[in-house]
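Visitor: Mind having a look at this structure? Questions to follow.
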Amino acid sequence: MQKYIKDFLKYLYLERRYSKNTIRSYEVDLRQFEIFLKEHFGSDRIFWNVIDKKILRYFLIRLQEQNISRRTIARKLATLKSFFRFLLKQGVIDKNPASTVKMPRFEKKLPEYLTTEEMQSLLRLPNYRTFEGLRDLAILELLYGTGMRLSELINLTVRQVDFKERLIRVTGKGNKERIIPFGGSAKLVLERYLAIRPQYAEKTVDNVFVLKTGKKMYPVAVQRIVKKYLSGVSQIQKKSPHILRHTYATHLLNAGADIRVVKDLLGHENLSTTQVYTHLSIEHLKNIYNRAHPRSHEKSSKNRRRS
């Protein structure tokens with residue numbers, strides 16, 4: 001069992017060029033399935049060709065009993081589908097037992113985002129007169145101004161920023177590169193931050209964002225920074241860097257940006273991933289209509305009839 005899991009993870013890295021974080025998620029899912037199989041069969045010696053559709057369903061039921069979200073279960077099933085396709089391709093199994101297993105249904109939650117007013121308030125919070133405050137403001141400006149992912153921000157190097165053209169080259173999921181424009185506000189803040197960065201950054205660290213100790217910024221540190229400032233302006237439940245990515249996409253679409261352009265800016269592989277933001281835009285338009293149009297409420301028509 002171990003051998004084929006390792007071969008599959010190696011295949012994802014070398015041939016599919018998946019990121020380390022994505023591969024780690026696949027590994028966690030497969031190790032969890034492996035533990036389930038050992039408990040189910042009562043043995044450490046299991047052959048993949050004995051796994052059938054019924055056993056996969058038992059696994060999904062076990063996950064549901066553990067109150068794991070349906071979205072997470074769907075991701076784990078997608079991992080298994082990919083893994084068994086790999087085994088079939090390698091000739092380890094004759095039939096893919098996961099091919100006809102249906103994904104569990106789950107409601108699509110609309111991503112949370114900040115209003116324009118909340119975003120403006122957020123950007124006024126950091127104390128830009130200090131190194132950490134200026135760095136934090138640069139982080140917030142870039143996350144909102146480019147929609148980049150947390151991993152892309154963490155790994156961003158000085159060489160990837162073109163100040164003359166106001167463009168940033170990032171490496172996203174699957175090691176795919178894309179070019180993102182950034183605005184004048186982000187440019188000014190980033191230039192001010194980079195001017196004092198050499199006083200703190202270690203010489204061997206090429207990453208744009210660093211800790212006060214000079215070491216490379218790490219994900220949890222950025223998450224804490226964003227959560228701290230979001231707590232000051234919003235009541236949204238999940239105060240993560242991804243909220244600023246959602247805000248970026250939503251504000252672009254609300255302002256009339258083409259969804260295909262937004263898709264490319266976000267680095268989405270499929271348009272369907274970006275389309276969730278159109279629901280937010282439609283709600284935005286409905287709210288504007290309801291607030292502005294005199295005939296948007298039932299009361300207006302009732303009052304007109306009475307008079």
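Visitor: If r is the Cβ-Cβ distance from GLN66 to LEU14 and R0 is 30 Å, what FRET efficiency results, to the nearest 0.05? Write down the numbers at each step before the final one.
Guide: Details: r = 33 Å, r/R0 = 1.10.
Computed FRET efficiency for GLN66 and LEU14: 0.35.
Visitor: Now for a separate question. Counting other beta carbons within 10 Å of each residue's own, what order do PHE131, PHE8 fall into, fewest first? Intermediate values should be presented prior to the final figure.
Guide: Values: PHE131 15, PHE8 22.
Least crowded to most crowded, the residues run PHE131, PHE8.
Visitor: Take the residue pairs LYS176/LYS238; LYS10/LYS95; LYS20/LYS76; LYS20/LYS95 and return only those whose Cα atoms are more than 24 Å apart.
Guide: On the way: LYS176/LYS238 27 Å; LYS10/LYS95 22 Å; LYS20/LYS76 17 Å; LYS20/LYS95 29 Å.
Pairs exceeding the cut-off: LYS176/LYS238; LYS20/LYS95.
Visitor: Return a whole-number percent for the relative contact order of the chain, with Cα pairs under 8 Å and 6 or more residues apart as the contact set.
Guide: 16 percent
Visitor: Moving on to the next point. In nm, to one decimal, how far is the modelled label at LYS238 from the one at ARG124, with both set 7 Å along Cα→Cβ?
Guide: 2.9 nm
Visitor: Let me ask something else. If I stretch the segment between GLN199 and GLU165 completely, what's the gain in nm (0.36 nm per residue apart, minus their alpha carbon distance), one decimal? Let's see the in-between values first.
Guide: Details: separation 34, 0.36 × 34 = 12.24 nm, distance 2.63 nm.
Full extension from GLN199 to GLU165 adds 9.6 nm.
Visitor: Would you mind listing how long the chain runs along its three principal axes, going by Cα atoms, in whole Å with the largest first?
Guide: 74, 68, 32
Visitor: What list of ³J(HN,Hα) values in whole Hz, one per residue of region 179-191 in order, does the Karplus curve 6.51 cos²θ - 1.76 cosθ + 1.60 (θ = phi - 60°) give from phi, with Gly and Pro shown as x?
Guide: Computed from phi, the couplings for region 179-191 are 9, 10, x, 9, x, x, 5, 4, 4, 4, 5, 5, 5 Hz.
Visitor: Describe numerically, in nm with one decimal, the distance between label points set 7 Å from Cα along Cα→Cβ at SER185 and at LYS53.
Guide: 5.4 nm
Visitor: Follow-up question, since we're still on this one. Below 12 Å, Cα to Cα, which aspartates and glutamates can LYS239 reach? Residues fewer than 8 away in the same chain don't count.
Guide: GLU112
Visitor: P(r) for region 2-89: what percent of alpha-carbon pairs falls in each 5 Å bin, starting at zero?
Guide: All Cα pairs considered, the percentages come to 3, 13, 25, 26, 18, 12, 3, 0.
Visitor: log₁₀ I(q)/I(0) of region 215-260 at q = 0.20, 0.21, 0.23, 0.25 Å⁻¹, via Debye over equal Cα point scatterers, no solvent, to two decimals?
Guide: -0.72, -0.75, -0.82, -0.88
Visitor: Run through region 150-227 and list the chymotrypsin sites (Phe, Trp or Tyr not before Pro) located in a DSSP loop whose Cβ has at most 14 other Cβ atoms within 10 Å. Kindly include the intermediate steps, with their values, before the conclusion.
Guide: Numbers: sites: PHE163, PHE182, TYR193, TYR200, PHE209; in loops: PHE163, PHE182, TYR200, PHE209.
In loop regions of region 150-227 (DSSP not H, G, I, E or B), the sparsely surrounded chymotrypsin sites (Phe, Trp or Tyr not before Pro) are PHE163.
Visitor: Applying the Karplus parametrisation 6.51 cos²θ - 1.76 cosθ + 1.60 with θ = phi - 60° to the phi angles of region 75-90, what ³J(HN,Hα) value in whole Hz is obtained for each residue in order, glycine and proline being reported as x?
Guide: So the Karplus estimates, Gly and Pro as x, are 5, 5, 5, 4, 4, 5, 4, 5, 5, 6, 5, 5, 4, 5, 5, 7 Hz.
Visitor: How many percent of the alpha carbon pairs in region 50-160 exceed a separation of 25 Å? Walk me through the numbers on the way to the answer.
Guide: Working: 3245 of 6105 pairs.
Counting pairs separated by more than 25 Å, the tail of P(r) holds 53 percent.
Visitor: Here is a further query. Note down the Stokes-Einstein diffusion coefficient of region 116-290 in µm²/s, whole number, using a Kirkwood radius over alpha carbon pairs, 20 °C, and 1.002 mPa s.
Guide: Values: Rh = 16.8 Å.
Calculated translational D: 128 µm²/s.
Visitor: What is the distance, in nm, between label points placed 7 Å from the Cα along the Cα-to-Cβ direction at ILE46 and at HIS268?
Guide: Label-label distance for ILE46 and HIS268, simple model: 3.6 nm.
Where a number appears in this text, it was derived from the coordinates with a stated rule and is not lab data. Everything quoted here is computed from the prediction, not taken from an experiment. Note that each Cβ is placed from the backbone with ideal geometry, even for glycine, and that neighbours are counted across all protein chains shown.
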